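Inspection log for the structure reproduced underneath, given as structure tokens.
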Amino acid sequence: MLDRAQSPALTGLWAAKHTTMSAETDAERGRRFREAALPHLDDVYTLARYLLRDKADADDAVQECYLRALRHFDSYRGPAMKPWLLAILRNVCNAEFARRAAQRTTPADAPQEPVNDEPLWQEPQASPETELIRHCDGETIRRLVAALPPAFREAVVLRDINNLSYCDIAEVAGVPVGTVMSRLARARSMLRAAWNAEEGTAS
Amino acid sequence: MNCSEAEILIHALLDNELDAGHACEVEAHISGCADCTKRLAAFRSMRQSMAEANLKEAAPLYLRERIEALVPAPSSAAATAASEAPAPRIAPWRISRRFFAGGFATGAVFSGAIAATLVVGVFRSDEDRLITGEVISAHMRSLQPGHLTDVETSDQHTVKPWFNGKLDMAPPVIDLTAQGFTLIGGRLDDVNGETAAAIVYRRRNHVINLFVARESGSGHETIASYNRHGFNVRQWTKDGLDFWAVSDINGAELDEFCQKLVAALTPAPSRS
């Protein structure tokens, strides 16, 4: 009987075989990951662009998101892949916000990120209702959406651009469906007010 | 129900998120309330404008490449483990040269070369796969700003004559708007070194490129399906023309698109 340790040739053979097997598993896992996660790349990228409002930061966040997703892919048992990836992306973005806030050397008790994001317009509570929404080009709409405060921007992007259901949005944002509904209502009201204001200045 | 409740539920109604009972309640309120009726109309048209503006951002090619590089590629992993020489493959420059020889518009050459390099790692076994890679590259190229259409219109009678004199065949231009696939225009593109017509459709926020070229000989009478890099490709040959439909929509919807297109191209036996 040969002990494995005493036979370099056999040890090599065993190691090679072992590596091959695990490599095949890796390849299979890689293939599954590609098929499941890559089709959602544009959705993940879209959310990153709108949340971070910076192209280079969005690139980095998306890459970090896919790294984390790949790392945790073995323990992934659902939900659907798209909300799962978007939830990871959102965590990555929040970490980025925390980093930015720390860099900014503001007083410790100053509220984070959203403060300067409050839109300049106010929601016209008592203004006459009009059913007209005139044409705005894509660039303008992008700018208006990007100007919404983070939580509301996120709701609009997930619903109206990424086409997620309320349940999926609740999962991504980690809030109850009721909160999703009220945020969405408020977000669209803000957007509509900004939209109307935009038309006023444009003409 | 009062207006402040309805103000929130209107959105759930628009988004089809209400069960029948709640939907009825909201609709009952709206029908009796002029303000809420206007509100609903405004949000509906805002939503429509947003859907039409195509606000989704396409991930740039370099990012797609970076992310693909994170995932262990099957071929390279196996090759390293077995300590064998990598399988013979077509060098990227050969494809790039083919692409250059094909004669793109200058603006498209650079992104085309990137796209070609990107797909060549995967498609190397046979001609079919190579062409599949090319049409996916062409599809990705078309999504770069300003590359999607040379003639932009939803009118098939404008798109079809536009191709006159630009191609040595007459590509069929079918308007499938009524079937849920909006015709948005056409452009000239390049498949397998031949000039091809690209007819562009939109399904929700997704673009479908339909490439049409003269039959190259290795045709498929039935529709062949491929899925690469998250893109679905359907290929078939009919009446001396090769067709490729490429999109990131799901396979079932692309199948539906192909079936409707093929049905529209087939003369109906009766006038029903």
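The values are calculated or read from the model by the stated rules, or taken from the named source; none is laboratory data. Please read all numbers here as calculations on a predicted model, not as lab measurements. Quick reminder, even Gly has a Cβ in these numbers, built from the backbone with ideal geometry, and neighbours come from all protein chains shown. The accessibility values were calculated without ligands, DNA or RNA, using every heavy atom of the protein model including side chains. Shrake-Rupley method; radii C 1.70, N 1.55, O 1.52, S 1.80 Å.
Do you know the relative contact order of the range B:128-179, to the nearest whole percent, from alpha carbon pairs under 8 angstrom that are 6+ apart? Reported relative contact order: 22 percent. Listed cross-link partners B:K56/B:K166; B:K160/B:K260; A:K55/B:K56; B:K238/B:K260 are compared with a 21 Å cut-off, the Cα-Cα value being larger for B:K56/B:K166. Considering only A:T179, A:I141, A:I161, and ranking their Cα positions along the charge dipole of the range A:128-202 that arises from unit charges at the beta-carbon of Lys, Arg, Asp and Glu, the one farthest toward the positive end is A:T179. How about the range B:140-199: which trypsin sites (Lys or Arg not before Pro) there lie in a loop by DSSP and see at most 13 other Cβ atoms within 10 Å? Those that pass, being in a loop and sparsely packed, are B:K166.
Rounded to the nearest 20, the size of the Cβ-charge dipole of the range A:128-202 about its Cα centre is 160 debye, with Lys and Arg at +1 and Asp and Glu at -1.
Quantify, in whole percent, the carbon and sulfur part of the accessible surface of the range A:128-202 (1.4 Å probe; protein heavy atoms only). Carbon plus sulfur share of accessible area: 57 percent.
Ligands, DNA and RNA aside, B:I208 has an accessible area near 0 Å² when probed at 1.4 Å.
Take each residue of peptide B:43-53, count the partner chain Cβ atoms within 10 Å of its Cβ, and average: the result is 6. Listed by chain and number, the lysines whose C-alpha is less than 21 Å from the C-alpha of B:K38, apart from same-chain residues fewer than 8 away, amount to an empty set.
What does the structure give for B:225-232 when I average, per residue, the other chain Cβ atoms found within 10 Å of the residue Cβ?
3
Please work out the FRET efficiency for the pair A:C167 and B:T266, using the Cβ-Cβ distance as r and a Förster radius of 45 Å; give the result to the nearest 0.05. After rounding, the FRET efficiency stands at 0.65.
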